[in-house]
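Notes follow the structure.
The values are calculated or read from the model by the stated rules, or taken from the named source; none is laboratory data. Quick caveat, the model's predicted, so the values are computed rather than measured. As a convention, Cβ positions derive from the backbone with ideal geometry for all residues, glycine included, and neighbour counts pool all protein chains shown. Keep in mind that these areas ignore ligands, DNA and RNA; they rest on the heavy atoms of the full protein, side chains included. Shrake-Rupley method; radii C 1.70, N 1.55, O 1.52, S 1.80 Å.
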Amino acid sequence: MSELYTKTLTEMAGLLQSREVTVAEAVKDCLDRIEATEPTVKALITVMSDEALKQAEVMDQEGPDASKPLWGVPIVLKDLLVTKGTRTTCGSKILENFVPFYDGTAVVRLRKAGAVIIGKANMDEFAMGSSTENSAFFQTSNPWDADCVPGGSSGGSGATVAAGQCFAALGTDTGGSIRLPASFCGIVGLKPTYGRVSRFGLIAYGSSLDQIGPMTRSVEDSARILQVLAGHDPNDSTSVDVPVPDYLVGLGRNSLEGTTIGLPEEYWGKGLDNEVEAACKAAIAKAEALGAKTVPVKMALTDYAIATYYIIAMAEASSNLSRFDGVRFGHRNKDAEELIDMYTSSRTEGFGDEVQRRIIMGTYVLSSGYYDAYYNKAAKVRRLLREDFEKAFEQCDIIAGPVCPTTAFKAGDKADPLQMYLMDIFTISANLAGLPGMSLPVGLGGDSGMPVGLQFMGPAFSEAEMLSVADCLERNLEPMPMAKL
Amino acid sequence: MKITPEEVAKVAKLSRLDLPKEKLELFAGQLGDILGYMEKLGELDTDNVDPMYSPVQHTTVLRKDELKKDYTREEVLSNAPEQDGKFFIVPKIV
């Protein structure tokens, strides 16, 4: 069978179960595609060829297992999900040689479902960035235009899926890090409700914001992965013990009759590029034609979300990253003769600029004289932001707006850190409130020819409804082509 | 908002980072811009608002106090820059 890489995960899982394609063929096809496209895309820090081929051979001998929904499907992981025996760098020099001795819960769940892990994807160092330019190793390119960034921080995950190197990837989203690269690369990205997916084995950035989620070439693929990932984990006390619904049962509907979509004025106003506005508006018009009702809603605090988010994220980062001290794992400066010098020189050598900037900012906003003015103030605004969402959801079932004011920008275009932070304006509120959000590709920008993503946000644990709406819209829009590589 | 390179150096030291002069100056400018931007939160009245530190509002989660061996000593030491098979080794402390 030719051009397997154009298949969705759902199609591929079916072909593997029916033995029309062997696991070895699926893996080899991905490895061939990686070889052909990596020189341009540079999405992967580690390619796990040997492990994947060995696993494929064993699986082909045993034969398909219908109880495993991802049996034989090649999948890529963002390189901050720890993998037993496989280097996990977090995009940082400080973890360049870190080989974990356990799998994170999301990885365990994927493996139990039969997935074959074939690589670890590039990312902004410690997930701090919106373009993947902050990787300590190399810059990933957007498969649609190699001069453009793939978005970030899960840029490698977005690019690898868009380039057809695998059938799905996991990303993580602290302030938009799944949805932004999904939007820039023209794929589907889902950030689940905070607590829906265990964070055990995810190298932490902002612990009250981080969530793991799927990045795929279709909404149905996204639902299949979430089904595997979702659920309580005793190893993560913030993973909530609420029942996991069937995410597939609501797919395939032909109408959006009965669904009310809220359109926040603040998301559809000034600052939005014309081509993004046009593509997103056309998708909303399609939703209306399918029977959805749209209502304007207010998200009055949108303008304050970036400030709130960066204070909280940097504060959490500064405490989370204090574990990198050169003692138990990671880089150590071997010349330091005294303990404090060893900590300081190891961290100074190991962390890149953006990480250092955020650690310093985080330490500043948590320091005794400034704690109330910054961190505590931000935590209060965070509650107000969530109340804004609660009020909006009294009027609608789901909120829709653009993922980002622009399509993918050129590498090097946002050298000023604050300018880069402003890219997250539409995505961070969902993280602050802990709500699910997703990016659905809705076409190509009229000026740039680059993908545009429409964002959905819903009440806590409403992923099933969100996937159902997105799937209906996806099937009724022009099919999203794959990037030509 | 203005942040001096000396202030950055002080916070960097608390964060166990040691930055060269040029970087202290660069960061001072950038952090001043970022903190200046963050001051817009001061426009909001939050006097009677409870801070929200996490989206999951739960009481402390407890589990049974049962002995469990998840990992071996060898595994836990496997990434240490320096170890002797039993302990992590660090430079002298005092």
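As a summary of the residue check, residue A:461 satisfies the conditions (1) touching a Ser or Thr at 6+ places or on another chain (Cβ under 6 Å); (2) closer than 24 Å to residue A:142 by Cα except for the one numbered (2). Taking segment A:307-353 as the range and being facing chain B (nearest Cβ under 9 Å), under 28 Å from the mean Cα position of the chain (by Cα) and in a loop (DSSP other than H, G, I, E, B) as the test, the residues that pass are A:325, A:329, A:330, A:331, A:351. The residue of segment A:50-70 that is nearest to residue A:149 (Cα to Cα), among those that are assigned to a loop (DSSP other than H, G, I, E, B) and either in contact with a Leu (Cβ under 8 Å, 6 or more places away or on another chain) or of a type outside the set (Lys, Arg) (or both), is A:70.
Scan segment B:39-81 for residues that are touching a strand residue (DSSP E or B) at 6+ places or on another chain (Cβ under 8 Å) and at the interface with chain A (Cβ under 7 Å from one of its Cβ atoms) and the total you get is 1. Filtered by the rule that a residue be open to solvent by less than 30 Å² (accessible area, probe 1.4 Å) and assigned to a helix (DSSP H, G or I), segment A:39-49 gives a lone residue, A:41. Those residues that are touching a helix residue (DSSP H, G or I) at 6+ places or on another chain (Cβ under 9 Å), part of a helix (DSSP H, G or I) and of a type in the set (D, E, K, R), I need them from segment B:1-27; list them, please. Within segment B:1-27, B:6, B:7, B:13, B:21, B:23, B:25 meet the criteria. Taking the numbered list (1) in contact with a strand residue (DSSP E or B) (Cβ under 7 Å, 6 or more places away or on another chain); (2) free of Cβ contacts under 8 Å to residues at least 40 places away in the same chain; (3) surrounded by 17 or more Cβ atoms within 10 Å (Cβ to Cβ); (4) more than 7 Å from every other protein chain (Cβ to nearest Cβ) in turn, residue A:267 passes all entries but (2). Check segment A:391-412 and report whether any residue there is open to solvent by 20 Å² or more (accessible area, probe 1.4 Å) and within 12 Å of another protein chain (Cβ to nearest Cβ). So far as segment A:391-412 goes, no, none of its residues is open to solvent by 20 Å² or more (accessible area, probe 1.4 Å) and within 12 Å of another protein chain (Cβ to nearest Cβ). Looking at (1) within 21 Å of the chain's Cα centre (by Cα); (2) assigned to a loop (DSSP other than H, G, I, E, B); (3) of a type in the set (Asp, Glu), which is the only condition residue B:70 fails? Just one mismatch for residue B:70, condition (1). Tell me which residues, restricted to segment B:49-94, are aliphatic (A, V, I, L, M) and open to solvent by 90 Å² or more (accessible area, probe 1.4 Å). Residues satisfying the conditions are B:62, B:67, B:93, B:94. Within segment A:287-306, is there a residue that is within 7 Å of chain B (Cβ to nearest Cβ), part of a helix (DSSP H, G or I) and open to solvent by less than 40 Å² (accessible area, probe 1.4 Å)? So far as segment A:287-306 goes, yes, one or more of its residues are within 7 Å of chain B (Cβ to nearest Cβ), part of a helix (DSSP H, G or I) and open to solvent by less than 40 Å² (accessible area, probe 1.4 Å). Within the bounds of segment A:331-346, is there any residue that is surrounded by fewer than 23 Cβ atoms within 10 Å (Cβ to Cβ), touching a residue at least 12 places away in the same chain (Cβ under 8 Å), among the polar types (S, T, N, Q) and out of contact with any Ser or Thr (no Cβ under 9 Å at 6 or more places or on another chain)? Yes, because at least one residue in segment A:331-346 is surrounded by fewer than 23 Cβ atoms within 10 Å (Cβ to Cβ), touching a residue at least 12 places away in the same chain (Cβ under 8 Å), among the polar types (S, T, N, Q) and out of contact with any Ser or Thr (no Cβ under 9 Å at 6 or more places or on another chain). For segment B:28-48, filtering for residues that are open to solvent by less than 20 Å² (accessible area, probe 1.4 Å), of a type in the set (A, V, I, L, M, F, W, C) and either free of Cβ contacts under 8 Å to residues at least 24 places away in the same chain or not in a helix (DSSP H, G or I) (or both) leaves 3.
Of everything listed in (1) modelled with pLDDT of 95 or more; (2) touching a helix residue (DSSP H, G or I) at 6+ places or on another chain (Cβ under 8 Å); (3) over 15 Å from residue A:186 (Cα atoms), the single unmet condition for residue A:416 is (1).
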